[in-house]
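*Asks:* Take this structure, written in structure tokens, and hold onto it; I'll ask about it next.
The values are calculated or read from the model by the stated rules, or taken from the named source; none is laboratory data. These figures come from a predicted structure and were not determined experimentally. With ideal geometry, Cβ positions are generated from the backbone for all residues, glycine too; neighbour counts draw on all protein chains shown.
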Amino acid sequence: MFLLGALCAPALGACGDTGRQQQGARPGTEATLLLDFAPGAVHAGIYTAVARGYDDAEGISLRVRRPPASTGAVELLRSGRVDFAVMDIHDLGLARERGRDVVGVMALVQRPLAAVLAAPGIRTPRALEGRRVGVTGLPSDRAVLRTVVRGGGGRPGRVRETTIGFGAVPALLGGRVAAATGFWNVEGVALARSGRGFREFRVDDYGAPSYPELVLVVTRETLDERRDEVVAAVAALARGYAFTQLDPDSSVSDLLAAERGLDRAELVAQLDAVSPAFTAGARTFGELDRTRLRAWEAWDRSVGILSERLDVDAAFDRSLVG
């Protein structure tokens, strides 16, 4: 798990420098990186890369931006208003299905973060038959819920789905639903900290393959015409996440310094939960494994997220990490 960090430990400089020396001169430019959601522990390595100057050392000054409510990441990338975006892998697949030539260049995690979060009395996914389960309304929600229920021996058609947006935690705490889809590294952590015994059924424990939930994405044009910037950003983030794995408390401090109002204890708990996923089963942080990507693509089609076959070799450039 900590191989990358161990190799970079003395000054956290060797890993990024190696990649940069192999792929070209430092670009010396600024770029904007859009998050997929509100800042959380899964983004800690990004904030550390900026706070500790790993981006500048690689020749690219990154400005981190929260996602706006009105405009999606793909539109912002294509318009040039942002240069890089962290995206859910399902959203990347759907964007390519709509003809948007966006490309994943780095994985932030190596396993799904999606789960069905359930009230303490729900001991197995099968027990959700006949009960109300909250979903956000995202295309992947139904697939996650149905996979978990089916994988737990239940019949998905007997579950009473209700749209609750992103209110899984209050809905569960208030007893309005028996379960809800959410992310085990965020909502799951919040529910665990309540001390009331909520359960989580992770989708890859119930039939989904292990795939990189969050990926760093650029447009094809950026990858082709500004490849040195992409290489620099990937190297900087690899260094940032190496530091996060070596010194999580300091990385949380980097995040708190940049994003006021976040709760340290919550972030520490989130990072403790998600950190194994940064490199789970991978040779190095950021790896985009073709076997995992093909398994993800096949699963997305089988559960109805994607409606047609996706060329994973076109959708991902796996050469920047490795």
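*Asks:* Could you grab me the full set of residues in region 192-214 that are among the aliphatic types (A, V, I, L, M), closer than 27 Å to E266 by Cα and out of contact with any Leu (no Cβ under 6 Å at 6 or more places or on another chain)?
*Replies:* A192, V203
*Asks:* Restricting attention to region 258-280, which residues are within 15 Å of D204 (Cβ to Cβ) and either modelled with pLDDT under 95 or buried (at least 21 other Cβ atoms within 10 Å of the Cβ) (or both)?
*Replies:* V274, A277
*Asks:* Any residue at all in region 76-83 that's more than 17 Å from L138 (Cβ to Cβ), at pLDDT 95 or above and of a type in the set (V, I, T)?
*Replies:* Yes, the conditions are met somewhere in region 76-83.
*Asks:* Please go through (1) among the aliphatic types (A, V, I, L, M); (2) within 22 Å of R96 (Cβ to Cβ); (3) over 18 Å from the mean Cα position of the chain (by Cα) for V215 and return the number of the only condition it doesn't satisfy.
*Replies:* Here V215 clears every test but (3).
*Asks:* Can you tell me which condition R142 does not meet? The list is (1) farther than 30 Å from A238 by Cβ; (2) at pLDDT 95 or above, and all the others hold.
*Replies:* (2)
*Asks:* Which of the numbered conditions does G322 fail, given that it passes all the others? Conditions: (1) in contact with an Asp or Glu (Cβ under 9 Å, 6 or more places away or on another chain); (2) assigned by TED's automatic domain parsing to the domain that holds A85.
*Replies:* (2)
*Asks:* Out of all the residues in region 233-250, which are surrounded by 18 or more Cβ atoms within 10 Å (Cβ to Cβ) and farther than 18 Å from A107 by Cβ?
*Replies:* Across region 233-250, the qualifying residue is only P248.
*Asks:* Please go through region 129-162 and give me each residue that is in contact with a helix residue (DSSP H, G or I) (Cβ under 6 Å, 6 or more places away or on another chain) and of a type in the set (D, E), ordered by number.
*Replies:* Within region 129-162, E129 is the sole residue that qualifies.
*Asks:* Which residues, counting only those in region 105-134, are under 27 Å from the mean Cα position of the chain (by Cα) and small (G, A, S)?
*Replies:* If the condition is that a residue be under 27 Å from the mean Cα position of the chain (by Cα) and small (G, A, S), then A107, A114, A115, A118, A119, G134 are the ones that fit.
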